[in-house]
Amino acid sequence: MPSPFPGMNPYLESPTLWSQIHTHLIVAIAEKMNPILRPKYRMAMEQRVYTETDNGNGFELVGIPDNVVFTPTSKITPSLSSNIAIAPPKVKSLPIIIPQPETVKEWYLKVKDVETKQVITVIEILSPKNKKAGEGKNKYLKKREQVLMSLTHLIEIDLLRKGEIMPMNINEDMKTDYRIVISRSDHRPHAELYAFNLAQEIPSIPLPLKPEDQEPLIPLQELLHNIYEKGSYDLAINYQKQPSIELSEDDQIWVDNLLK
């Protein structure tokens, strides 16, 4: 079953689904573009790993690290002949939750010159942790800054409405639901912004390479629709319920009419 939405599907922004969509989209872009880029370029998947502690809502249970060793402790129980008196505690304990450290792995793409191994372009698809204050955002902004100070092009794809917008100079009239930024190394600090809303299709975007090479288009909408169908995401979504991401009143009316 195809996605009922012409552009971004707001139900895919759910925290339970977005991590899958993020990874699938990274893989789909590489599989689509590599036959076009060869033999001069190769698009490779890279991974950013960091540890973050969730201090907000939505705690997750995590596995016990391999390097943690537990040693059994002896339980002291008084014998019948013992004269030790054990008094019950005067203060009762309260149930609490201790934030658990979480190892986060985020995939992104690099386009490399096959002969020189030079990184020509970096493609980032933002995650919820990139847009929320914390270690994930700090790590991403540091990486973003390094790319922007280099001779490497940057493509930044933001298909999430929730969270803070990445640093960029835009006026109030240009604020939209979703954004794709293309920062060419030879045009900085100027960049190209593809801004679109829920009811619009996701635009196909050019992939900047070396000046002498023609820039192929990345068909993001086509790839996302294919991921939805091949992943049977219609079986994972209950369209009778509201999306987990809050919509404006106008958007909610549009979604309700579309789904009917």
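The values are calculated or read from the model by the stated rules, or taken from the named source; none is laboratory data. As the structure is a prediction and not an experimental result, all values here were calculated from the model. Cβ: placed from backbone, ideal geometry, glycine included. Neighbour counts: every protein chain shown. These area figures cover heavy atoms from the full protein model, side chains too; ligands, DNA and RNA do not enter into them. Shrake-Rupley method; radii C 1.70, N 1.55, O 1.52, S 1.80 Å.
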Original post:
Across the stretch 104-136, what is the number of residues that are open to solvent by 10 Å² or more (accessible area, probe 1.4 Å), part of a helix (DSSP H, G or I) and closer than 18 Å to GLU13 by Cα?
Top reply: 2
Subject >> Residues satisfying the stated conditions in the stretch 142-190, i.e. under 14 Å from the mean Cα position of the chain (by Cα), open to solvent by 50 Å² or more (accessible area, probe 1.4 Å) and either among the acidic types (Asp, Glu) or farther than 23 Å from MET8 by Cβ (or both) >> reply: GLU164
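Can you tell me which residue within the stretch 198-247, out of those that are in contact with a Gly (Cβ under 8 Å, 6 or more places away or on another chain) and over 19 Å from ILE26 (Cβ atoms), is least open to solvent (accessible area, probe 1.4 Å)?
The initial filter retains those residues of the stretch 198-247 that are in contact with a Gly (Cβ under 8 Å, 6 or more places away or on another chain), namely 198-202, 221.
Imposing the further condition that a residue be over 19 Å from ILE26 (Cβ atoms) reduces the set to 198-201.
Working: LEU198: 1, ALA199: 56, GLN200: 90, GLU201: 124 Å².
Among residues in the stretch 198-247 that are in contact with a Gly (Cβ under 8 Å, 6 or more places away or on another chain) and over 19 Å from ILE26 (Cβ atoms), the one least open to solvent (accessible area, probe 1.4 Å) is LEU198.
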Original post:
Here is a list of conditions, (1) more than 22 Å from PHE196 (Cβ to Cβ); (2) touching a helix residue (DSSP H, G or I) at 6+ places or on another chain (Cβ under 7 Å), and ASN138 meets all of them except one; can you say which number that is?
Top reply: (2)
